[in-house]
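Here's the structure we're looking at; comments come further down.
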Amino acid sequence: MTGTTADILLLAGGVVGILLGLTIFGEMLRLRVAEGQTNPVVETFMTRVHSWWIMVVLLSLALLTGRFGVVLLFAFASFAAMRELLTYAQKNTADHLSLALAFFVILPLQYLFVGLGWSALFAVFIPVYAFLLLPMVSALRGHPERFLVRVAETQWGLMICVFCMSHVPALMTLDIPGYGDRAILLLVFFVMVVQFGDLLDYFFGRRIGKTRIAPELSPKTLEGMTCGVLCAALIGGLLSWITPFGLWGAMAMAALASITGMFGSLVFAAIKRDRGVKDWSHLIPGQGGFMDQLDSVIFAAPIFYHVTLLIWAS
């Protein structure tokens with residue numbers, strides 16, 4: 001067993017311990033509710049914790065299989081997320097070939113480039129080549145009605161669900177001096193600080209939140225976001241030993257990833273309000289779909305990747 005594998009197992013055990021603590025905490029809150037009644041905040045909190053159990057198991061198994069397993073897991077997540085997003089996009093028969101190319105050619109190629117570590121190619125493949133190709137394909141098929149809107153929504157889906165999310169497994173390809181083969185632990189660090197920050201933002205926002213950030217879009221509050229970011233920074237500091245950042249660098253990177261992800265979730269909340277939906281899908285019981293679970297990760301991933309690349313990678 002390598003040192004990296006041992007660290008992954010240790011982290012998995014630590015996360016399981018945290019989830020056990022959160023589960024017990026949630027059950028204690030349930031006991032304080034009058035018999036025959038339910039507290040929506042507590043129930044939603046517990047549903048999120050239960051969903052976390054599933055995600056932790058899947059991510060841990062993928063990490064133990066190495067780069068291939070992680071790339072495959074996030075490729076599937078990208079496929080599911082893009083399907084959810086484009087369900088609400090405007091399209092007609094002229095876009096069918098473009099959509100087929102997006103799902104079955106561009107998406108697999110993007111993750112193939114990530115898996116092979118071809119960073120120069122996966123960084124421009126979708127923003128340049130796919131961005132130019134798909135409008136050409138749709139234009140050749142005719143039907144100019146709402147052409148710009150249709151093309152833009154497909155490109156947005158690719159950028160957000162595939163390009164941005166592919167930066168999560170891309171963290172494993174970073175060459176950081178003195179860090180060796182431990183880059184896979186950066187992925188663990190990133191996912192943990194963003195997701196725990198999100199969970200704690202929700203909890204504190206509902207318990208002590210007063211000042212809403214965008215009242216027409218989301219119940220997120222300034223107090224909840226502040227507590228969530230501070231907690232993410234604290235968690236980042238505690239996990240600094242698995243990063244090349246050092247203590248203060250790890251706390252700063254955790255806070256950056258957390259706050260970027262929180263504002264990203266506001267963007268997706270705006271899209272859902274525009275489309276008149278509460279959840280992107282019902283794939284995950286009580287928690288909507290992949291987009292509902294990964295909205296913060298999607299927005300934070302490219303920022304976290306590029307800041308790490310610019311400051312710490314060779």
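Of all residues in region 179-211, which are of a type in the set (F, W, Y) and either closer than 30 Å to T5 by Cα or surrounded by fewer than 16 Cβ atoms within 10 Å (Cβ to Cβ) (or both)?
Y179, F189, F190, F196
For region 19-37, name all the residues that are touching a residue at least 12 places away in the same chain (Cβ under 8 Å) and under 13 Å from W53 (Cβ atoms).
L19, L22, T23, G26
If you take the residues in region 58-88 that are over 27 Å from G21 (Cβ atoms) and of a type in the set (S, T, Y), which one is surrounded by the most Cβ atoms within 10 Å (Cβ to Cβ)? Write out each step before concluding.
Taking region 58-88 as the starting set, the residues that turn out to be over 27 Å from G21 (Cβ atoms) are 65-69, 71-72, 74-76, 78-88.
Now drop any that are not of a type in the set (S, T, Y), which leaves 65, 78, 87-88.
On the way: T65: 11, S78: 28, T87: 14, Y88: 15.
In this case the residue turns out to be S78.
Considering only region 58-75, state which residues are without any contact (Cβ under 8 Å) to a residue 40 or more places away in the chain and either more than 29 Å from G3 (Cβ to Cβ) or polar (S, T, N, Q) (or both).
T65
Out of the residues in region 212-235 that are small (G, A, S) and more than 12 Å from F196 (Cβ to Cβ), which is surrounded by the fewest Cβ atoms within 10 Å (Cβ to Cβ)?
From region 212-235, those small (G, A, S) are 214, 218, 224, 228, 232-233; that's our starting set.
The next check asks that each one be more than 12 Å from F196 (Cβ to Cβ); those that pass are 214, 218, 224.
On the way: A214: 13, S218: 18, G224: 25.
The residue in question is A214.
Out of everything in region 38-57 that is surrounded by 16 or more Cβ atoms within 10 Å (Cβ to Cβ) and free of Cβ contacts under 8 Å to residues at least 40 places away in the same chain, what residue ends up being farthest from D181 (Cα to Cα)?
Going through the qualifying residues, I end up with V42.
What pairs come out if I take residues in region 290-308 that are over 21 Å from M225 (Cα atoms) and surrounded by 24 or more Cβ atoms within 10 Å (Cβ to Cβ) and pair them with residues that are modelled with pLDDT under 90 and not hydrophobic (A, V, I, L, M, F, W, C) whose C-beta lies under 9 Å away, six or more apart or interchain?
Hits for this filter: F290/R83; F290/E84; F290/S281.
Could you check how many residues of region 236-281 are among the charged types (D, E, K, R) and either within 22 Å of D175 (Cβ to Cβ) or exposed (fewer than 15 other Cβ atoms within 10 Å of the Cβ) (or both)? Working first, answer last.
Just the residues of region 236-281 that are among the charged types (D, E, K, R), to begin with: 272-275, 278-279.
Subsequent filtering for residues that are either within 22 Å of D175 (Cβ to Cβ) or exposed (fewer than 15 other Cβ atoms within 10 Å of the Cβ) (or both) retains 273-275, 278.
Number satisfying all stated conditions: 4.
Before we move on, is E35 among the acidic types (D, E), farther than 26 Å from F290 by Cβ and at pLDDT below 80?
yes
The values are calculated or read from the model by the stated rules, or taken from the named source; none is laboratory data. In this text the structure is predicted, and so the values were computed from the model without any measurement. Heads up, the Cβs are rebuilt from the backbone with ideal geometry, glycines too, and the neighbour counts pull from every protein chain shown.
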